[in-house]
Amino acid sequence: MSDLRIVQLTGSSAGGVGRHARELAAGLAAENRVILAGPADVVDDVGNGVRTAHIDIADRPRTGDARAVARIRSLARGADVLHAHGLRAGALAALALGTSGPGPRTALVVTLHNLPVGGARVQAVAAGLERLVAARADAVLGVSGDLVDRARRLGARYATRALVPAPPHTHRPLEEGRRRLLGIAPEHQMILTVARLAPQKGLDLLCDTAGLVADRVPGARWLVAGDGPLRAGLTDQIVGEDLPVILLGRRDDVPDLLAAADVVVSTSAWEGQPLNLQEALAAGAPIVATDVGGTREVTGDAARLVPFADPDALATQIAQVLGDEQVRNGMRASSLARAGELPSAEDALVHMLEIYARVLG
């Protein structure tokens, strides 16, 4: 399906949402007219013939939302498909198209990238937005099976899984000098977590588990690559409890770290299609992770999965992997095999065009 007019809409993004929207827009622009709309820091400099438009869509409701709705309505006028990424962007798009007036109708596709998290008030607002999206979208895509099930329970006319592949990466060997700069001596084993330092990533569980691992594998060092709003509190906890955890901040050599790690660990409370674990699989890393959201859908049998909020179970699996080189080698082979089964960017593009064809009927 080609020569469509498509608007890709995304809100503020600190993770893979904006990257996915940019990647889709660039791929679709080869044979379609595409506008990528959203905050300037997310949509600028896409290239590939993609036109961009600035719309400020924040994580929380605010007074500027009325202007955003009007701007979305203007951009979508005459478009075949308006594809919104994220619950807030999807709800604003639903409001915009719901008051679009006479003329050819623009189909609405919404991809839900995250499970709503927060207190009672945040959850109540999110529930209302979910109902709005389910009622008005022609298709609701979820990055994990539980999000798809939620949309179906709310009455979405068509709900299915989204494909969100990680970008391809190459890695270089982590030479001894770089290991020392990271705080890893030759006698140390390296545990690695790649995550935004935010509530969803289970940082309390990470610290609790690190304390147990320190007793069971004294030679292990737990590196955390990423930054976020919880960094200051996490730093205080690491120092106060004397945990063997090293905060690296943002890194541009994550593929190298993943390939060099003795085990990659995810302590998340929820994940959709975690890009960090897709990258870990591609790097051939042994993986231990919490069995939440869509994690199992990504890793299959290649990872050791444990229930969330069970530090003893997590520490036990980490210790077993670190304690047996043969186990690690087998897990590396399983990771590489699983990586070869995951969808590519081309698969995601073909899948999306099939979705658009369906909603356009």
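Rule-based calculations on the coordinates, nothing more; no lab input. Because the structure is predicted, anything quoted here is derived from the model rather than measured. Here the Cβ positions follow ideal geometry from the backbone for every residue, glycine too, while neighbour counts run over all protein chains shown.
Tabulate in residue order the Karplus-calculated ³J(HN,Hα) for the stretch 246-260, using 6.51 cos²θ - 1.76 cosθ + 1.60 with θ = phi - 60°, rounded to whole Hz; enter x for Gly and Pro.
Ordered by residue, 3J(HN,Hα) equals 10, 8, 9, x, 5, 10, 9, 10, 4, x, 5, 5, 4, 5, 8 Hz.
For helix 325-339, report the angle its Cα long axis makes with the longest principal axis of the Cα atoms of the chain; keep it between 0 and 90° and round to the nearest 10°.
So the helix axis and the longest Cα principal axis differ by about 10 degrees.
Test of understanding: ordering 271, 279, 325 by Cβ neighbours within 10 Å, fewest first, what list do you get?
On the way: 271 27, 279 23, 325 10.
Ordered by Cβ neighbours within 10 Å, fewest first: 325, 279, 271.
Regarding the chain, what is the average projected area of its C-alpha convex hull, in nm²?
Working: hull surface 72.3 nm².
That works out to 18.1 nm².
Set the Förster distance to 30 Å, then compute FRET efficiency between residue 40 and residue 5 from the Cβ-Cβ distance, nearest 0.05. Kindly include the intermediate steps, with their values, before the conclusion.
Values: r = 22 Å, r/R0 = 0.74.
For residue 40 and residue 5, the calculated efficiency is 0.85.
So if I place +1 on the C-beta of Lys and Arg and -1 on the C-beta of Asp and Glu, and nothing else carries charge, what would the dipole magnitude of the chain be about its Cα centre? I want it in debye, nearest 20.
Details: 38 positive and 41 negative charges, 330 e Å.
Approximately 1580 debye in magnitude.
Quick check: pseudo-label points 7 Å beyond the Cα along Cα→Cβ at residue 310 and residue 170, how many nm apart are they?
4.2 nm
Among the DSSP beta bridges whose two residues both lie in the stretch 162-320, what percent are antiparallel, rounded to the nearest 5?
Working: 1 of 19 bridges.
So the antiparallel bridges amount to about 5 percent of the total.
For residue 53 paired with residue 187, estimate the spin-label separation in nm (one decimal), with each label point 7 Å from Cα along the Cα-to-Cβ line.
6.3 nm
For each of 222, 270, count neighbouring Cβ atoms within 10 Å of the residue's Cβ, then give the residues from fewest to most. Spell out each step's value before the answer.
Values: 222 24, 270 21.
In increasing order of surrounding Cβ atoms, one gets 270, 222.
Pulled fully out, how much extra length does the chain show between residue 239 and residue 358, if you take 0.36 nm times their separation in residues and subtract their Cα-Cα distance? Before the final figure, lay out the partial values.
Working: separation 119, 0.36 × 119 = 42.84 nm, distance 5.44 nm.
Stretched out fully, the residue 239 to residue 358 stretch lengthens by 37.4 nm.
Could you state the orientation-averaged shadow area of the convex hull built on the Cα atoms of the stretch 270-314, in nm² to one decimal?
Working: hull surface 11.4 nm².
Seen from a random direction, the Cα hull of the stretch 270-314 projects 2.9 nm² on average.
Let me make sure I get this right: for the stretch 73-187, a, b and c are the square roots of the gyration tensor eigenvalues over alpha carbons, sorted descending. Under 1.5 in a/c it's rounded, otherwise prolate if a/b > b/c, else oblate. Which is it? It would help to have the intermediate numbers written out before the result.
On the way: a/c = 2.91, a/b = 2.11, b/c = 1.38.
Cα axes put the stretch 73-187 in the prolate bin.
Arrange the peptides 240-253, 193-206, 284-297, 348-361 so that the one whose residues have, on average, the most other Cβ atoms within 10 Å appears first. Walk me through the numbers before you get to the answer.
Working: 240-253: 14.3, 193-206: 21.1, 284-297: 22.6, 348-361: 15.9.
Top to bottom by mean Cβ count within 10 Å: 284-297, 193-206, 348-361, 240-253.
Which GluC sites (Glu not before Pro) in the stretch 167-231 pass both tests, a DSSP loop state and at most 16 other beta-carbon atoms within 10 Å?
Values: sites: 175, 176, 187; in loops: 175, 187.
Listed in order of number, the matching sites are 175, 187.
Highest mean first, what order results for 74-85, 33-44 on Cβ atoms within 10 Å?
Working: 74-85: 22.1, 33-44: 20.2.
Listed from highest to lowest mean packing, they are 74-85, 33-44.
Please arrange 153, 304 by counting, for each residue, the other beta carbons lying within 10 Å of its beta carbon, fewest first.
Details: 153 11, 304 22.
Lowest to highest Cβ neighbour count: 153, 304.
Scale the Cα Rg of the stretch 177-237 by the rule-of-thumb value 2.2 N^0.38 Å and send over the ratio, two decimals. Kindly include the intermediate steps, with their values, before the conclusion.
Details: Rg = 12.2 Å, N = 61, 2.2 N^0.38 = 10.5 Å.
Scaled against compact globular proteins, the figure is 1.16.
How large is ³J(HN,Hα), in whole Hz, for each residue of the stretch 341-358 in order, when computed from phi with the Karplus curve 6.51 cos²θ - 1.76 cosθ + 1.60 and θ = phi - 60°, using x for Gly and Pro?
Running phi through 6.51 cos²θ - 1.76 cosθ + 1.60 with θ = phi - 60° gives 8, 6, x, 9, 4, 5, 4, 5, 5, 4, 4, 5, 5, 5, 5, 4, 4, 5 Hz.
Once you wrap a convex hull around the alpha carbon atoms of the stretch 176-339, what is its projected area averaged over all directions, in nm²? Could you put the intermediate results ahead of the total?
Working: hull surface 33.1 nm².
Mean projected area for the stretch 176-339: 8.3 nm², to one decimal.
Could you give the size of the charge dipole of the stretch 207-280 about its Cα centre, using +1 on the Cβ of each K and R and -1 on the Cβ of each D and E, expressed in debye and rounded to the nearest 20?
Values: 5 positive and 12 negative charges, 3 e Å.
With Lys and Arg at +1 and Asp and Glu at -1, about 20 debye.
For the chain, what is the mean residue ellipticity at 222 nm derived from helices alone (per DSSP H run of n ≥ 4: -39500 (n - 2.57); sum divided by total residues; nearest 500 deg cm²/dmol)?
Values: 15 runs with 161 residues, N = 361.
So the helix-based figure for the chain works out to -13500 deg cm²/dmol.
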